[in-house]
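A.B. asks: Please read through the structure below; I'll follow up with questions.
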Amino acid sequence: MEFIVALNGKVNYPLTLDPGVWIFDDRKEDLDTLFDKKGDKESEQEKYLKDVSAHWDRELQEGAVPPSEKEKQKPKTTLKETLLTSSFAISLSYFIYNAQPHPDAERVLIESGDGNVEITIKEAQDGYLAFSENGKPLKTDGPVHFYFGDGRNKENPIKRITSITLL
């Protein structure tokens, strides 16, 4: 079994994707929480500002509160522990953007060992490629799994993907 995925078709730059190196990519996202946060349309900056202003208001009204015992006892996890125990995915949009699709590319064919699936280019750009499960590469049914951005196939992703072709 090959552990690379070809991205080709109506693109200016065909790509060869190696999911084995994505564990080092800062754009990866935790697959376990990926679809939980997609329902939240609020931007990270807006959320941060709301949290900070609520904290500020509370301190003005109540005074500063020392850290609780619960916060002190929270176990710290290292980056290595996180990488070795978590499941990760990366957005397919990064790779489609870098391949520079032709203006007439409208569909995407995902070729898989279980059969081919044709989707719109928008669905592909919103989708995610999972490459790690519990800290391990997807060797038995990989190299990657495709998840739609809205999570509709969260329980049954497209597996055994060999290539992604823009039509």
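The values are calculated or read from the model by the stated rules, or taken from the named source; none is laboratory data. Owing to the predicted nature of the structure, the values given are computational and were not obtained by experimental measurement. So basically every Cβ, Gly included, is an ideal-geometry build from the backbone, and we count neighbours across all protein chains shown.
A.B. asks: Return yes or no: is GLU118 at pLDDT 95 or above and out of contact with any helix residue (DSSP H, G or I) (no Cβ under 6 Å at 6 or more places or on another chain)?
C.D. replies: Details: at pLDDT 95 or above: yes; out of contact with any helix residue (DSSP H, G or I) (no Cβ under 6 Å at 6 or more places or on another chain): yes.
So GLU118 fits the description; yes.
A.B. asks: Any residue at all in the range 124-136 that's in a loop (DSSP other than H, G, I, E, B), at negative phi and of a type in the set (D, E, K, R)? Before you say what the answer is, go through the steps one by one.
C.D. replies: Of the residues in the range 124-136, the ones in a loop (DSSP other than H, G, I, E, B) are 127, 134-135.
With the extra rule that they be at negative phi, the set shrinks to 127.
Imposing the further condition that a residue be of a type in the set (D, E, K, R) reduces the set to none.
No, the range 124-136 contains no residue that is in a loop (DSSP other than H, G, I, E, B), at negative phi and of a type in the set (D, E, K, R).
A.B. asks: Moving on to the next point. Within the set of pairs 6 or more residues apart or between chains, which connect a residue that is touching a residue at least 24 places away in the same chain (Cβ under 8 Å) inside the range 14-32 to a residue that is surrounded by fewer than 16 Cβ atoms within 10 Å (Cβ to Cβ) and of a type in the set (Ser, Thr, Tyr) with Cβ atoms less than 9 Å apart?
C.D. replies: So the pair list comes out as ASP25/TYR94; ARG27/TYR94; ASP30/THR82.
A.B. asks: Being of a type in the set (Gly, Ala, Ser), buried (at least 20 other Cβ atoms within 10 Å of the Cβ) and under 12 Å from the mean Cα position of the chain (by Cα) is the filter here, so list the residues in the range 88-136 that pass it.
C.D. replies: Result: ALA89, GLY127, ALA130, SER132.
A.B. asks: For ASP30, all conditions in the list (1) under 14 Å from the mean Cα position of the chain (by Cα); (2) farther than 15 Å from ASN134 by Cα; (3) modelled with pLDDT of 90 or more hold save one; what is the number of the exception?
C.D. replies: (2)
A.B. asks: Residues of the range 141-167 being in a strand (DSSP E or B) and aliphatic (A, V, I, L, M), which ones?
C.D. replies: Here is the first cut: in the range 141-167, the residues in a strand (DSSP E or B) are 145-147, 158, 161-166.
Matches in the range 141-167: ILE158, ILE161, ILE164, LEU166.
A.B. asks: Can you confirm whether ASP36 is surrounded by 10 or more Cβ atoms within 10 Å (Cβ to Cβ) and modelled with pLDDT of 85 or more?
C.D. replies: Answer is no for this residue.
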